[in-house]
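The values are calculated or read from the model by the stated rules, or taken from the named source; none is laboratory data. This one's a predicted model, so the numbers in the text were calculated from it and none came from an experiment. With ideal geometry, Cβ positions are generated from the backbone for all residues, glycine too; neighbour counts draw on all protein chains shown.
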């Protein structure tokens, strides 16, 4: 892992996804909406971090998301997480996070902080990385 590495994940949420979200969360008003709820946008970012980069074994410490425009169902959304700082001595990585609609409109922007101490990836050699303040 190095500063600048990133991962992306694209998904289109459907009316069924909103019904499932309403059932799980208790937010019944989501069923009547055409808008993708913020927590589902956060799930895209979580997937990019937990399944792609850095991957299985990361522990979420913080996620901060600022929603900038509405996302609608049945339109693809792409979440991106890019490493902005590493602290290999503490096994921490900070990411800039964004979510964009298919036309490039920024739907959400933020940051995430993860602990990568349990990663089993061979490509997590950070010996050449200098600690950066988070």
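Of the residues making up the stretch 24-34, those that are within 22 Å of the chain's Cα centre (by Cα) and farther than 25 Å from residue 62 by Cα number 2.
Quick check: anything in the stretch 10-31 over 21 Å from residue 114 (Cβ atoms), in contact (Cβ under 8 Å) with a residue 60 or more places away in the chain and not in a strand (DSSP E or B)? Yes, the stretch 10-31 contains a residue that is over 21 Å from residue 114 (Cβ atoms), in contact (Cβ under 8 Å) with a residue 60 or more places away in the chain and not in a strand (DSSP E or B).
Of the strands (runs of 3 or more DSSP E) lying entirely inside the stretch 37-134, those containing at least 2 residues that are at pLDDT 80 or above, more than 12 Å from the chain's Cα centre (by Cα) and farther than 28 Å from residue 20 by Cβ are 76-87, 92-101. With respect to the conditions (1) at pLDDT 85 or above; (2) under 29 Å from residue 83 (Cβ atoms); (3) crowded, with 17+ Cβ neighbours inside 10 Å, residue 22 falls short on a single one, namely (2). Here residue 57 meets each of (1) buried (at least 17 other Cβ atoms within 10 Å of the Cβ); (2) closer than 28 Å to residue 117 by Cβ; (3) out of contact with any helix residue (DSSP H, G or I) (no Cβ under 7 Å at 6 or more places or on another chain) with one exception, condition (1).
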